[in-house]
Amino acid sequence: MRLALALLVLLCLTEAQQRQFTTRVQTSRGTVRGFRVDYGSDRNQLFYGAADIFMGIPYAQPPVGPLRFQLPRPICQYQGEVGELDFKPKCAQAESPFSPGGTSAEDCLYLNVFTPS
């Protein structure tokens, strides 16, 4: 079981290293960068076609320091381009035997957007 998990993690890391930013979109808050994934053209599969993926788009100021336990505050403008090649940490929450572990953080107010292209 541990070997299978280690191989899965290695495969995910290898896939993440091969990604490159290929798509940029101008929004009212600034530029968002993403990448394109081609799932193939076999319509018998669950996923087919191409998709533009934008990960790690902040939608509010991080709730840390004096903003902790306050209502989310909007972001006025992005500082430079935003977007990631992998998922940002999830919000901190109670551990559950039904949810996988992983990195969590208080700074977790990010969107992942998947669009058909």
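Which residues, counting only those in the stretch 62-114, are aromatic (Phe, Trp, Tyr) and in contact with a strand residue (DSSP E or B) (Cβ under 9 Å, 6 or more places away or on another chain)?
Tyr78, Phe87, Tyr110, Phe114
Only one residue in Thr103, Thr31 is in contact (Cβ under 8 Å) with a residue 12 or more places away in the chain and touching an Asp or Glu at 6+ places or on another chain (Cβ under 8 Å). Which one? Result: Thr31 is the single residue among Thr103, Thr31 that is in contact (Cβ under 8 Å) with a residue 12 or more places away in the chain and touching an Asp or Glu at 6+ places or on another chain (Cβ under 8 Å).
Residues of the stretch 42-65 that are exposed (fewer than 12 other Cβ atoms within 10 Å of the Cβ) and closer than 19 Å to Arg29 by Cα: Tyr59 alone. Going by what's in this entry, would Gly102 be described as under 16 Å from Arg33 (Cβ atoms) and either exposed (fewer than 13 other Cβ atoms within 10 Å of the Cβ) or out of contact with any helix residue (DSSP H, G or I) (no Cβ under 8 Å at 6 or more places or on another chain) (or both)? In short, no.
Since every read-out is calculated from the coordinates, none of them should be taken as a lab result. The structure presented is a predicted model; accordingly, all values stated were derived computationally and were not measured. Please note: Cβ atoms are built from the backbone with ideal geometry, for glycine as well, and neighbour counts cover all protein chains shown.
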